[in-house]
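Right, one structure below, let's go through it.
The values are calculated or read from the model by the stated rules, or taken from the named source; none is laboratory data. Keep in mind that this is a model prediction, so the values were computed, not measured. Note: ideal-geometry Cβ built from the backbone for every residue, glycine included; neighbour counts use all protein chains shown.
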């Protein structure tokens with residue numbers, strides 16, 4: 001197939017035409033990773049006639065625009081006299097665009113002088129000169145899961161490092177950032193140190209973005225497995241027993257929306273974000289069993305979640321598919337009212353709304369449910385995440401050893 005590179009003129013308002021290159025067949029653009037037939041340039045020519053923008057409605061009534069040559073009464077283009085400077089400009093531009101056209105033609109017709117591996121090495125050398133901080137920011141802003149952790153991780157990085165190049169990334173810098181996470185204060189506080197488990201979560205994201213950069217050919221080596229993780233502390237989560245939940249739910253309180261949220265969370269184990277964004281389109285019935293089919297807000301994973309009749313009754317009457325099942329409520333407002341409700345119910349425990357998820361897991365385990373099934377219901381990627389709830393149950397078992405005493 002013969003290859004061609006031609007110059008295209010595009011009429012614009014006034015007395016100018018912009019110049020671009022047209023490729024046949026389309027050529028591969030390394031920057032975009034796509035094939036293209038056009039290359040824009042900054043070159044333009046002065047015309048010896050005038051043009052203007054014409055607005056019109058197409059067959060569908062949609063407003064469109066086009067550039068047309070202004071004509072005189074005889075129907076011929078209205079002529080202009082070019083100045084000597086404009087004529088000189090046109091001469092130089094025609095020479096420049098022809099040189100560019102010839103250069104592009106040579107590039108697409110000559111044999112490849114580099115192997116694929118050599119091209120990758122050349123690309124890596126150029127990429128290393130680019131700013132890693134900007135790349136990190138883009139990845140954090142476009143994260144689809146654990147969005148808060150990604151943004152916080154980026155926030156801590158730019159707190160200590162600014163305009164870091166990819167060539168600056170090495171084991172020393174990574175270890176330094178890890179140590180800073182372990183010894184820093186919270187971004188929005190000068191009084192409270194960053195918790196170790198939060199630091200561990202943020203450091204995981206940092207290693208992930210480095211792995212992305214390696215896969216995108218910005219780094220020459222992968223640091224995955226070469227840097228030690230931050231070991232998380234084992235934290236025993238707060239929860240309410242099923243009896244405490246019954247006490248709370250039967251204690252009168254003015255906020256009915258809060259009551260429905262808390263009961264639904266305890267009966268299903270769903271997070272606040274998933275309940276708050278639940279629509280009727282997500283609720284389906286199969287063989288008289290109700291299911292919630294939705295994408296989890298935190299992990300972006302799809303979840304097919306069967307729910308009990310009690311949970312179904314809390315949702316109320318079905319309305320339009322796009323309607324939210326529950327009245328929406330801000331998380332901070334929900335927790336503020338929950339504290340007041342716990343106080344009224346005389347339950348002396350520091351729990352937040354998220355702890356109903358823990359309460360659900362503990363209640364299921366104590367009822368004899370399989371830990372693997374609970375892991376799936378909670379949407380955990382790994383059953384080891386669920387094992388923390390099993391340890392809570394084990395501790396509660398130990399507390400019963402003195403319940404039966406013979407006293408002989």
Filter result (outside any helix (DSSP H, G or I), farther than 17 Å from residue 263 by Cα and touching a residue at least 24 places away in the same chain (Cβ under 8 Å)) within the range 350-387: 350, 379, 381
Number of the condition not met by residue 221 [criteria: (1) in a loop (DSSP other than H, G, I, E, B); (2) surrounded by 11 or more Cβ atoms within 10 Å (Cβ to Cβ); (3) in contact (Cβ under 8 Å) with a residue 12 or more places away in the chain]: (3)
First in the range 163-188 and at positive phi, second anywhere and outside any loop (DSSP other than H, G, I, E, B), Cβ under 7 Å, 6 or more apart: 163/131; 163/133
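Would you say residue 189 is within 29 Å of residue 340 (Cα to Cα), part of a loop (DSSP other than H, G, I, E, B) and not assigned by TED's automatic domain parsing to the domain that holds residue 334?
Yes, satisfied.
In the range 74-129, how many residues are over 36 Å from the mean Cα position of the chain (by Cα) and over 20 Å from residue 8 (Cβ atoms)?
19
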Residue match in the range 200-210 (condition: exposed (fewer than 12 other Cβ atoms within 10 Å of the Cβ), out of contact with any helix residue (DSSP H, G or I) (no Cβ under 6 Å at 6 or more places or on another chain) and at negative phi): no
The range 112-160: number of residues that are assigned to a helix (DSSP H, G or I) and in contact with a strand residue (DSSP E or B) (Cβ under 9 Å, 6 or more places away or on another chain): 2
